[in-house]
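Report on the following structure.
Bear in mind these aren't lab numbers, they're just calculated from the coordinates by the rules spelled out. Worth saying up front: this structure is predicted, and the values here are computed from it rather than measured. Positions of Cβ are backbone-derived with ideal geometry, glycine not excepted, and every protein chain shown enters the neighbour counts.
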Amino acid sequence: MIGLASLGSGSRGNGTLVRLGRSLFLVDCGFTVKQTEARLARLGVRPGEITAILVTHEHSDHASGVAALAHKYAIPVHASYGTLSSGSYSLHGEAFDGDVPFVLRDVSINPVRVPHDAREPTQFVFCRDGVKVGVLSDLGCVTPHVVEQFSDCALLMLEANHDVGMLENGRYPPPLKRRIRSDLGHLSNQQSAELLEAVAHNDLHVVIGHVSEENNGLHHIDTVFDPLLDRVRSLRVATQSTGMPWVMLEGDAPEAVALPGKSAQLAF
């Protein structure tokens, strides 16, 4: 089985599940233990099934719940040296070097360095038997390195954080607006669509994530991503409150999930 699901995605908490064969990885945990348990149950997962927690960076919406969940269920934690040395949220675990793949069970994991305002932020590409699954959020700009590493994925979680117009005309203070729009901030819808255009192929399943509840909306995402719908197999949006049910490769989908056909689909 190869699949991807979201516990929830946004500025108030993030958690992404990646399943490859017998291995189940949780990328980030920005929820309390109680919230995480409930969100995992909604996806048919017991915390004890998780092979490892992988942390992208030390910001609260990604790391605040990691230590408590890992301690309660004895789950190994892996993060970059910079993330672990940040001193945030009592993070402890095995350190890795950015852009140096390592293996857990039978899965190769590539922690891809990305531009973001954290100590040593990485995102992840998982590979098993030649099938790649990417989790890519929290980066301020698209680099050739990012495009190269996230090409040829079968499943991809991709940040589309904000609509530029909504952000600029919104109520955030100017310093926060500048931070979000900077090369170390977050991807706009347009930046995300340009990245997707570079890596799109007809068998790619995409989940749009880390969508700002304050500075984005489905109608903006529709407008920007609609021209790309015929370039990918499916396109969905993960929400802060309910995340995203399992998206599995054909032949792996559980009964609770109905994948679209050949034509692409954009939906919550």
- Against the globular-protein guess of 2.2 N^0.38 Å, express the Cα radius of gyration of the range 68-127 as a ratio, rounded to two decimals. 1.15
- Pairwise centroid distance, computed over Cα atoms, of the range 203-247 with the range 59-110, Å: 27 Å
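Of the beta bridges DSSP finds with both residues in the chain, what % are antiparallel, to the nearest 5?
Working: 29 of 53 bridges.
DSSP beta bridges in the chain are roughly 55 percent antiparallel.
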- Size of the dipole of the range 2-267 about the Cα centre, Lys and Arg at +1 and Asp and Glu at -1 on the beta carbon, nothing else charged, in debye to 20? 640 debye
- Query: Out of T223, G13, I208, whose Cα points farthest toward the positive end of the dipole of the chain (charges: +1 Lys, Arg; -1 Asp, Glu; placed on Cβ)?
  - Reply: G13
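Would you mind finding the longest exposed-site-free stretch of the chain, with exposed trypsin sites (Lys or Arg not before Pro) meaning DSSP loop and at most 10 other Cβ atoms within 10 Å?
Details: sites that count: R171, K262.
Answer from the scan: 1-170.
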- Task: State the volume of the convex hull built on the alpha-carbon positions of the range 2-267, expressed per residue in Å³ and rounded to an integer.
- Result: 113 Å³
- Determine Rg/Rh for the range 1-114; Rg is computed over alpha-carbon atoms and Rh is the Kirkwood hydrodynamic estimate from the same atoms. 0.93
- Could you work out the helix-only [θ] at 222 nm for the chain, with each DSSP H run of four or more residues adding -39,500 (n - 2.57) and the total divided by the number of residues, to the nearest 500 deg cm²/dmol? -6000 deg cm²/dmol
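Viscosity 0.692 mPa s, temperature 37 °C: give me the Stokes-Einstein translational D for the range 85-183 in µm²/s, with Rh taken as the Kirkwood radius over C-alpha pairs. Intermediate results must be reported in sequence, preceding the final value.
Values: Rh = 15.4 Å.
Diffusion coefficient, whole number: 213 µm²/s.
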- Task: Identify all aspartates and glutamates with a Cα-Cα distance to K34 below 18 Å; exclude those on the same chain that are fewer than 8 residues away in sequence.
- Result: E49, D61
